[in-house]
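Notes follow once the structure below has been shown.
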Amino acid sequence: MRWSDLALSIGLLGLAVGLSPAVSFDGSRTPEGAAVSVPLSENPSSPEMNALGGATPLAPVPLSPMNLPPRPVVPGKPIEAFRSGTHALRQGRTDQAVVELEYAAEQGVPGAIWKLGRMYADGDGVAMNKARAFGYFRRLTTAYAEDSAGTPDATYVAKGFIALGHYYADGIPGSVKPDLNHAREMFEYAASYFGDAEAQYDLGRSYLLAKGSQKNPVLAAKWLRLSAEKGDARAQALLGNMLFRGEEVSRQAAWGLFWLILAKDGAGSEETWITDMYTSALARADENERTQAYKYLERWLKRR
């Protein structure tokens, strides 16, 4: 079944930018510093002119140059606009960035569509707007869902599905109702078609933490293992904790401790929950379990 059969029709919000150069009254551009005089009559010898008597005409007053902000220049090639827009965003030139990224997005550059979605999702240089971010991610995944997983833009598309999965899982007030099944469809597509490690982690976690009939530890272990093999520390931690504790799967303490060792070494400074899991398991493991876990670790490192 084609992914487009699953697509929902939504409205996409566009960005219109209007720029108008300054012109003189007759429609022509007035050179900077030029004198501007207002004719009193088409005929200098007309009665209206003579009515001024012998008064001395006022000398023309030169105009000071106007301090206008620089006009954004959009490169002709969409990919150049994408690169220039991301550079402008890093430099804090948000208006320029939005113009260029929107131009590239309209020309179908997946990276530009993704970047605009992330900007509105995170409030990066623009006001946070989850509904607008959702629109960009939906546009990206609808247009490029069936592109080859080996293309340079595949990562953008996979991450678009993941972002939609989180929006469906949590909902967006007034825009998107929470729907765990739909969230899993997003995660599973990115996890299976694109083989994305983050999506595999999210999918496994959704099966592990679900309630009632939606909970499936076997599928959770399957997807977490795929993600863990690719180096996702969060997947390694959840899988290791499952195996070490034997929660709804057969207990394999040495394997569980092995995955927790890897997770601890790869965790970020803010992921203290991973360190806590590792510390707890290490304290409970016996000598044989520790020895075997380090043997597994040695084999892993040799393969890498």
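Rule-based calculations on the coordinates, nothing more; no lab input. If you're wondering where the values come from, they're calculated on a predicted model, not measured in any experiment. For neighbour counting, all protein chains shown are included, and Cβ atoms are generated from backbone atoms with ideal geometry for every residue, glycine included.
In a simple Cβ point-charge model (Lys, Arg +1; Asp, Glu -1; nothing else charged), segment 109-228 has a dipole of about 320 debye relative to its Cα centre. The percentage of C-alpha pairs in segment 165-234 whose separation is greater than 19 Å is 31%.
Per-peptide packing, taken as the mean over residues of other Cβ atoms within 10 Å, places 217-224, 287-294, 272-279 in the sequence 217-224, 272-279, 287-294 from highest down.
The Cα-based radius of gyration and maximum Cα-Cα distance (Dmax) for segment 217-283 are 10.6, 31 Å. Residue-normalised convex hull volume from the C-alpha trace of segment 85-170: 84 Å³ per residue. Overall, segment 225-304 carries a charge dipole of about 380 debye about its Cα centre when +1 sits on the Cβ of Lys and Arg and -1 on the Cβ of Asp and Glu, all other atoms neutral.
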